[in-house]
Amino acid sequence: MQPAQKNVHWWNSLFSDMNGVIRFLIVSDIVFQGAIGLFGPLFALYIVSSITDTDPITATGIASSIYLIIKSIAQIPAAWIIDKIPGERDDFFILFWGTLAAALIPLAYLHINTALQLYVVQAVYGLITAVTFPSYMAIFTRHIDHGKEGTEWGVYYTLVDIATAATAAIGGTIAAVYGFKTLLIISTSFSAIGALLLIPIRPYLRKR
């Protein structure tokens, strides 16, 4: 009985004893990032088969750069504005609607056939990520359990990485059997569910 009790205590200390805000933030991102993981590793392959007006390999590299540059440039000003507004209502508003908008991005890839269209989508995606990431981090940081900061960040990254790794393998199978269109729709659906899982934290956010 002793080992079993230790195992239960270990699990409780990692997840069950977390406050509700942290728990739902982690679960939401597990689902969201897991859904992105379905398609992420196959992104370049899909774009190569979709772009017709230029070298698709070059376009894919440029598209990735555009996403990272826009995200990097906009992220600090967005975080500064978020910090300046008192309370967490603005953080939640940006986080929820930003995550929901990001969930819909894969649907845009279904209509891409030129490099310019791809660049525009990536720029929009970078901007959305630039505002949602600081909002997520701000709420997580404020509500993290005192004395468990390292543990709860560790749990977050471990579970999200495991989910992403698992769905990456699943995504390849879905694309091979049912095609990219089906994969993108599935990815979008689960990403949207991840966004909806943020709703339960709203009553626990600080108004000032």
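Read-outs throughout are calculated quantities, based only on the coordinates presented, and are distinct from any laboratory measurement. It should be emphasised that the depicted structure is a prediction, and the values quoted were computed from it without experimental measurement. Every residue, glycine among them, receives a Cβ derived from its backbone with ideal geometry; neighbour counts consider all protein chains shown.
Here is how the numbers come out for the structure above:
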{"quantity": "Spatial separation of Cα centroids for segment 143-174 and segment 47-103, in angstrom", "calculated": "21"}
{"quantity": "Segment 87-128 residues near the modelled Asp53 label - backbone nitrogen below 15 Å, point 7 Å along Cα→Cβ", "calculated": "111-122"}
{"quantity": "Tilt relative to the chain, helix 180-196 - C-alpha long axis, 0 to 90 degrees, to 10", "calculated": "30"}
{"quantity": "Calculated FRET efficiency for the pair Asn19/Ile199, C-beta based, R₀ 22 Å, to 0.05", "calculated": "0.85"}
{"quantity": "Cβ crowding within 10 Å averaged over residues, with 23-36, 83-96 ranked highest first", "calculated": "23-36, 83-96"}
{"quantity": "Between 0 and 90°, nearest 10: helix 56-84 axis offset from the chain longest Cα axis", "calculated": "40"}
{"quantity": "Eligible aspartates and glutamates near Lys148 by straight Cα distance, threshold 15 Å, same-chain separation 8 or greater", "calculated": "Asp17"}
{"quantity": "Nearest-ten-degree value, helix 2-11 long axis tilted from longest Cα axis of the chain", "calculated": "60"}
{"quantity": "Debye log10 I(q)/I(0) at q = 0.16 Å⁻¹ for segment 2-204, Cα point scatterers", "calculated": "-1.08"}
